[in-house]
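J.: Supplied in structure tokens, the structure appears directly below.
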Amino acid sequence: MSGLESRLKLAGRMSGLGTETAFEVVNRVQALEREGRSIVHLHIGAPDFRTPEHIVEAGRKALADGWHRYTPAKGLPQLREAVAEYCLKTHRAKVHPDHVLIVPGGKPTLFYAALMLCDAGSEALYPNPGFPIYESAIRLAGATPVPIELHEEKGFAFSADEVLSKINARTRLLILNSPANPTGGVTPRKELDKLAAGLERHPHVAILSDEIYSRLTYDGEQHVSFLSYESLRDRTILLDGWSKTYAMTGWRMGFGVWPEQLIAQAERLQINSVSCVNAASQIAGIEALRGPQDAVERMRQAFDERRKLIVKELNDIPGFRCTTPKGAFYAFPNVQASGIPARELEAKLLQRAGVSCLAGTSFGALGEGYLRFSYANSAENIREGMRRVRECLQPA
Ligand code: PLP
């Protein structure tokens, strides 16, 4: 350690900060590729498609037209209006444009909610296995993260009874995610209805509903937005965005729909942190929402085909068992019968087979015994990846 480093003292809050392992695996994958290794990428949660051309063109034109300055912190009014229209169409919820906050990606809505609502002595409920940044944001805010267990036997759906049984006087925030990362689980309407009814008895709990995969459902599954529960609207925050639906992960475009009581606080957090989202991205975001939607459906159908392929292939691997996910673009096979702990298996498949995936434990302790494969890759690469995994795990 250098002299300077040894004099620096990190704030206590840093010790609770987790990470998103996907970004770390990216570095490992790139290092192997620099050595000349061939790696099949099944680790990252980003569509492999290009952003549809009409959206790229709108962004390009925006830069040429001089969209180079700050925008209002909440986002361009015309974009917030487009979001309100979109919510009515896709989430069946009437939203006032003044309650929309445009943010750089999906994550800031989560961070603003945690910072605003959670502090020491309070609790926040989050899904486990679940998107790892939930737990991290709760800890950073100083609150105690309380896991909601998701089970394979229930298709990794939320159980209303389990959620409600964990609420107490200290609970400030409940995080929901359907369709879900990393499991692809979709919580059925009946269960959400029951949960919403039960939450009416707990008016001190705010709900953050992460619906970033809302446009990626399969087998006729209809997305149910938590915003559609009118009795909870005064405490429901919607997290959604452009990343997954429009293949726009690098544009950093997301939106939150906030209750009237919280929107000014959310705007203040935005002003204190990022000021606003880049102006040209916002113009492209309007085109994405209001322009042709056929590319969204084409991408969804492609994911659907790959979903069926990867589930079939995974179930052909000795020691693996994979339930069919109903949403997002992840398969979450149970690998307990392989006898290898998830983290070890992740490393082995990367090193020996040249296939990148993520250990279930990257998504919480309850992910032990599982791996996450992203099927945001071509059918050809998925087949090759599965062939390599099968060969690597073949008994000697
Ligand atoms: N929520 C979930 C469940 C996700 O899986 C992700 C990204 O993987 C996000 C939020 C964050 O999205 P973004 O990349 O737009 O910040």
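J.: Using only alpha carbon pairs under 8 Å that are at least six residues apart, calculate the relative contact order of the chain and give it in whole percent.
T.: Relative contact order, the chain: 23 percent.
J.: May I ask for the Kirkwood hydrodynamic radius of the stretch 99-209, worked out over all distinct Cα pairs and given in angstroms to one decimal?
T.: So the Kirkwood estimate lands at 14.2 Å.
J.: With a 10 Å radius around each residue's Cβ, average the other Cβ atoms per peptide and rank 115-125, 13-23, highest first.
T.: Values: 115-125: 18.3, 13-23: 13.5.
Result, highest mean Cβ count within 10 Å first: 115-125, 13-23.
J.: Next question. Of the peptides 161-168, 43-50, 184-191, how do they stack up when ordered by the mean number of other Cβ atoms within 10 Å, highest first?
T.: Highest mean packing first, the order is 184-191, 43-50, 161-168.
J.: Next question, about the same structure. Amide H neighbours of ALA206 under 5 Å, at least 5 residues apart or on other chains, H built in the peptide plane: list them.
T.: Amide H to amide H, under 5 Å and 5 or more residues apart or across chains, ALA206 pairs with LEU173, LEU174.
J.: Considering the Cα trace of the stretch 257-383, what is its radius of gyration and what is Dmax, both in angstroms?
T.: For the stretch 257-383, the Cα-based Rg and Dmax read 19.8, 54 Å.
J.: Could you order peptides 105-113, 89-97 by the average number of other Cβ atoms within 10 Å of their residues, highest first?
T.: Final packing ranking: 105-113, 89-97.
J.: Something else: For THR144, enumerate residues with amide H under 5 Å from its amide H, sequence gap 5+ or separate chain, H modeled in the peptide plane.
T.: Answer set, sorted by chain and number: GLY121, SER122, GLU123, ALA124.
J.: In debye, nearest 20, what is the charge dipole magnitude of the stretch 1-160 about its Cα centre with +1 on Lys and Arg Cβ and -1 on Asp and Glu Cβ, if you could check?
T.: 460 debye
J.: Now, a different point. Pop out the carbon and sulfur fraction of the accessible area of the stretch 233-376 as a percent, whole number, probe 1.4 Å. Could the numbers behind the result be given before it?
T.: Numbers: 2530 of 5270 Å².
Answer for the stretch 233-376: carbon and sulfur cover 48 percent of the accessible area.
J.: Please work out the average accessible area per residue across the chain, using the 1.4 Å probe convention, and give it in Å².
T.: Details: 17350 Å² over 396 residues.
Heavy-atom SASA per residue in the chain reads 44 Å².
J.: Something else now. Can you tell me the relative contact order of the stretch 338-396? Whole percent, Cα pairs under 8 Å, sequence separation 6 or more.
T.: Relative contact order here is 31 percent.
J.: Among the DSSP beta bridges whose two residues both lie in the chain, what percent are antiparallel, rounded to the nearest 5?
T.: Of the beta bridges lying entirely in the chain, close to 45 percent run antiparallel.
J.: Given a cut-off of 32 Å, name the pairs among LYS9/LYS166; LYS94/LYS194; LYS94/LYS326; LYS154/LYS244; LYS9/LYS348 whose C-alpha atoms lie farther apart than that in the structure shown.
T.: Table pairs above 32 Å Cα-Cα are LYS9/LYS166; LYS9/LYS348.
J.: Still on this structure, I have one more. Return the carbon/sulfur percentage of the accessible area of the stretch 1-159, one whole number, probe 1.4 Å, all protein chains in place.
T.: 55 percent
J.: Once each part is reduced to its C-alpha centroid, what is the distance from the stretch 128-205 to the stretch 343-390 in angstrom?
T.: If you average the Cα positions of each part, the centres end up 26 Å apart.
The values are calculated or read from the model by the stated rules, or taken from the named source; none is laboratory data. The structure displayed is predicted, hence computed values, not measured ones. For neighbour counting, all protein chains shown are included, and Cβ atoms are generated from backbone atoms with ideal geometry for every residue, glycine included. The area values use the complete protein model at the heavy-atom level, side chains included, leaving out ligands, DNA and RNA. Shrake-Rupley method; radii C 1.70, N 1.55, O 1.52, S 1.80 Å.
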